[in-house]
Amino acid sequence: MLRSPAWTRDELVLACALVVKNDWRELREGDLAVQELSDLLRSLPLHDGIANRLPAYRSVGSVSRKTTDLATNHPAYVGKRTKGGRLDHEIIKAFIENEADMLEAARAIEDGIGSGALAQIPEQPDEVAEDGTTAPEGRLLARWAIYRERNPKLRQRKIAQARRLGQPLQCEVCAFHFERVYGELGKDYIEVHHTLPLHISGPRETRLEDLAFLCSNCHRMCHTSHRGESWRTPEAVRAEIAKATGLESTE
């Protein structure tokens, strides 16, 4: 018998945003916002299109019950708590500690679904970390961001701009230069990284000023989940290197 899969981080971000906007109170089945969230969750490009095979998937009732889990497990809640899961508690903590960014993440997911952009983007190899974890703001925004960074036309435009300005194609964190190390094999090779996460910049057209040149290692460190963060600027990674080596940042 086909059963609804466990709630993903993306889905919980959307549900918790609804609870936060309701002053950390649960929402009942008759609330229009619950119906709208049910419709939205069923349209997310997750779980391999299960909504078409399971009519009860993320029903109004299940969405209402999840808002109860999130509301009653807030540390300030007084009364009988529902059990909730580990991920529920992680999302609650994330909203308490960084409400503005998490609400923006929910808005970005909604915008991506509303525009149709997220439905068109295939799964990306690095949207889930090697240990199975995903970004605090969810898998779909990571997918969207990685897809944008791998846009070859955008990278070519950034390289052309650097050529015009006489800037070297080297990592902005560690100064690694592919051509100097690998010769002709490394000529014109460099990766690009968005300096702002998608849920902060919004799903607007990418500007070249939003991009930084990075080597493969530093780029991976910019996206590696650590201490509740999965997006770092080149400056932040330089600071981590300085901390690890005991050297002052040369920024």
Less than 28 Å apart at the alpha-carbon level, and either on another chain or at least 8 residues along: which lysines does that give for LYS187?
LYS153, LYS158
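Relative contact order of region 90-244, please, whole-number percent, based on alpha carbon pairs below 8 angstrom and at least 6 residues apart. Mind showing how you got there, number by number?
Details: 171 pairs, mean separation 35.0, N = 155.
Relative contact order for region 90-244 comes out at 23 percent.
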Descending principal axes extents, region 69-126, alpha-carbon based, whole Å:
43, 23, 19
Kirkwood hydrodynamic radius (Cα pairs, Å) of region 1-155?
16.2
Tilt of helix 139-149 relative to the longest C-alpha principal axis of the chain, in degrees (0 to 90, nearest 10)?
20
Expressed as a whole number of Å, what is the distance separating the alpha-carbon centroids of region 44-71 and region 95-113?
19
So how tilted is helix 234-245 from the main axis of the chain? Cα-based, degrees 0 to 90, rounded to 10.
80
Under 5 Å from the placed amide H of GLU191, counting only residues 5+ away or on other chains, we find LEU214
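Using the reciprocal of the averaged 1/r over all distinct C-alpha pairs, how large is the Kirkwood radius of region 65-183 in Å?
On the way: mean 1/r = 0.0557 Å⁻¹.
Its Kirkwood hydrodynamic radius stands at 18.0 Å.
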Size descriptor, Kirkwood hydrodynamic radius, that averages inverse alpha-carbon separations across region 28-94, Å
13.0
Helix 152-165: inclination vs the chain longest Cα principal axis, degrees, rounded to 10, gives 40
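FYI, it's all coordinate maths here, none of it is from the lab. Since the structure is predicted, the reported quantities are computational estimates derived from the model, not experimental observations.
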